[in-house]
Amino acid sequence: VLLYDSRDDPRDPESGSLFSFQMEFARQVYSSDVNFTKTTAEATHFFKLPGRGVLGTSIRLGLGYHLPYQEQFRLGGIKTIRGWDFEEIRVQEENDREPLIGRDDPEEEVMLLGNIEFRHPFFWGPVVIFGDAN
């Protein structure tokens, strides 16, 4: 895992960046029951705007090969696709009825997520306008 964090506040940032890179793998040669590779990278930046506003941007990329069910990419929830329940969106197997996105190749998975949000505090509380894309 590689991580760089220059945000001024991890819970409610107004400026700074967060970059992360993570690679996981399991091989039968290391006494694992499965054989997979999973790589994820994320870049997030917050810009202070005139008049107390904040613009946040984020992009997340994931690549996976032969991922077992518990390692598959899942989206949904406050940090990915708002409006969906936590990890509700995932790759669909042919015999599944619940998932929302299709699967072309069972050996490879790709996840690409983009987020943008504008936050501005008002006397009754913060207002957030956002867009999430998968």
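Quick notes
- Across the stretch 1-79, C-alpha contacts under 8 Å between residues 6 or more apart give a mean separation that, scaled by the residue count, equals a relative contact order of 24 percent.
- Across the chain, C-alpha contacts under 8 Å between residues 6 or more apart give a mean separation that, scaled by the residue count, equals a relative contact order of 18 percent.
- Peptides 71-82, 51-62 ordered by packing proxy, namely the average of other Cβ atoms within 10 Å per residue, highest first: 71-82, 51-62.
- FRET efficiency for the residue 8 to residue 86 pair, using the beta carbon distance and R₀ = 35 Å, is estimated at 0.85.
- Diffusion of the stretch 50-89 by Stokes-Einstein, at 10 °C in a medium of 1.306 mPa s and with Rh set to the Kirkwood radius over alpha-carbon pairs, works out to 127 µm²/s.
- Largest first and in whole Å, the equivalent-ellipsoid semi-axes of the stretch 1-72 read 35, 11, 8, each the square root of five times a Cα gyration tensor eigenvalue.
- R0 of 30 Å, Cβ-Cβ distance residue 15-residue 110: FRET efficiency to nearest 0.05: 0.45
- On the basis of the beta-carbon distance and an R0 of 35 Å, residue 65 and residue 120 show a calculated FRET efficiency of 0.25.
- Radius of gyration and maximum dimension Dmax of the chain, Cα, Å: 17.7, 60
Rule-based calculations on the coordinates, nothing more; no lab input. Given the structure is predicted, the values throughout are model-derived calculations rather than measurements. Virtual Cβ from ideal backbone geometry, glycine too; neighbours counted across all protein chains shown.
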